[in-house]
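First the structure, in the form of structure tokens, and then the observations on it.
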Amino acid sequence: MTGFPRPPYQWPAPYKAAAVVTIDIDGESPMAWHNRGRPVPLLSELEQRRFGPRVGVWRVLDLLDAFGAKASFFVPGMIADAHPALMPAIAARGHDIGLHGWHHEKVDELDRAQNVAVLDRCIALYQRQLGRRPAGYRSPSWEITPEFHALLLERGFACDASLQSFDHPYGFSGLVEIPGQWLVEDTIYFRFTGGPRDRTHPANPDAVLASWIEEFEGLREFGGLFTLTIHPWVSGRAQRIRLLRKLFSHIRAATDVWWTTAEELARWHVNSPNAEIHKLDIELLDTRGVVGPKL
Ligand SMILES: [Zn+2]
């Protein structure tokens, strides 16, 4: 690949690309964060979001089973705590489970002590429900700071799935990053809560399926990682389960694509030649030399 500073990512033979399905069981947790300290007297969005852990996730689990596929789930602590059978059921079906905040907190809006308290509360719940420590993490809203990244390393996490520096796994200051992208994420197409934020109707699932397959085929061509991100309160609805069934059929038919999980990708990365080649260190944007009117 003339002009590229790094050789292509290497996948285990016979694969030439990879795919991972990631499922964030947010439920109503973002509402808890956005309304923190205030009572929420409205039921509409609350109940719409509760459809996720109540119905949607079970449909997604059955669909994955039908394809014999494993996925990576990320569960906020308050959802796992309210549904104590949820994480054990997901683990029993052989899927990865990573952390995703307690109340879906934005890590940049908490100080270090608060972030430590939230993370340790999540780890303790995970250990109580699953009898082991979590290896994977995805930050709420995909926002993360160098301080929080260092905290994940201190707590022994193996991988994070919040950033998008490449479209294949890579080392990022000591953690393996499993990158996603907004293009293959469901809420940007389908979220409609009836409030003032959502002004257009949800997208046609056939158009979204075509767009996602186009990205899948592009990444297959470039030897990358296709990371789908879905939320059961959005993608657990009937027509989107049918969309996912068509997408999964397409992925399954691509026998040169490794359909795997985030934790399996992280294990592959650190034990392959990629570990020495595909890595970055955190480098903050230095704005000191940028001239302009004072903010
Ligand atoms: Zn989330």
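Structure notes:
- Every pair of different Cα atoms in the chain enters the Kirkwood calculation, which places the hydrodynamic radius at 20.0 Å.
- Spatially, the range 189-233 and the range 45-101 are offset by 19 Å when compared through their Cα centroids.
- Structure-based [θ]222 nm, the chain - -39500 (n - 2.57) summed over DSSP H runs of at least 4, per residue, nearest 500: -11500 deg cm²/dmol
- Kirkwood-type radius of the range 182-295, with distances r between different C-alpha atoms, in Å: 17.4
- Put simply, when 132-138, 232-238 are sorted by average Cβ atoms within 10 angstrom per residue, most first, you get 232-238, 132-138.
- Taking only protein heavy atoms and a 1.4 Å probe, the accessible area of the chain is 55% carbon and sulfur.
- Taking the chain and dividing mean pair separation by its residue count, relative contact order in percent (alpha carbons under 8 Å, at least six apart): 29
- Counting only heavy atoms of the protein chains and using a 1.4 Å probe, T260 has close to 10 Å² of accessible surface.
- With contacts taken as Cα pairs under 8 Å at a separation of at least 6 residues, the range 168-219 carries a relative contact order of 23 percent.
- Only protein heavy atoms count here; on that basis, with a 1.4 Å probe, M31 has an accessible area of about 30 Å².
- Pairs of lysine residues in the chain that meet both criteria, 8 or more places apart or on different chains and Cα atoms under 29 Å apart, total 8.
- Entry comment: accessible area of the chain is 48 Å² per residue, from protein heavy atoms only and a probe of 1.4 Å.
- Packing around the peptides 159-165, 283-289, 246-252, 38-44, taken as the average count of other Cβ atoms within 10 Å per residue, puts them in this order, highest first: 159-165, 246-252, 38-44, 283-289.
- Residues in the range 227-257 that a label on Q164 would reach, taking backbone N under 14 Å of a point 7 Å out along Cα→Cβ: 227-230
- Percentage relative contact order, the range 68-194, counting C-alpha pairs under 8 Å, at least six apart: 19
The values are calculated or read from the model by the stated rules, or taken from the named source; none is laboratory data. None of these values were measured; they are calculated from a predicted model. Note that we place each Cβ from the backbone using ideal geometry, even for glycine, and neighbour counts take in every protein chain shown. Each accessible area value is taken on the protein alone, full model and side chains, heavy atoms only, with ligands, DNA and RNA left out. Shrake-Rupley method; radii C 1.70, N 1.55, O 1.52, S 1.80 Å.
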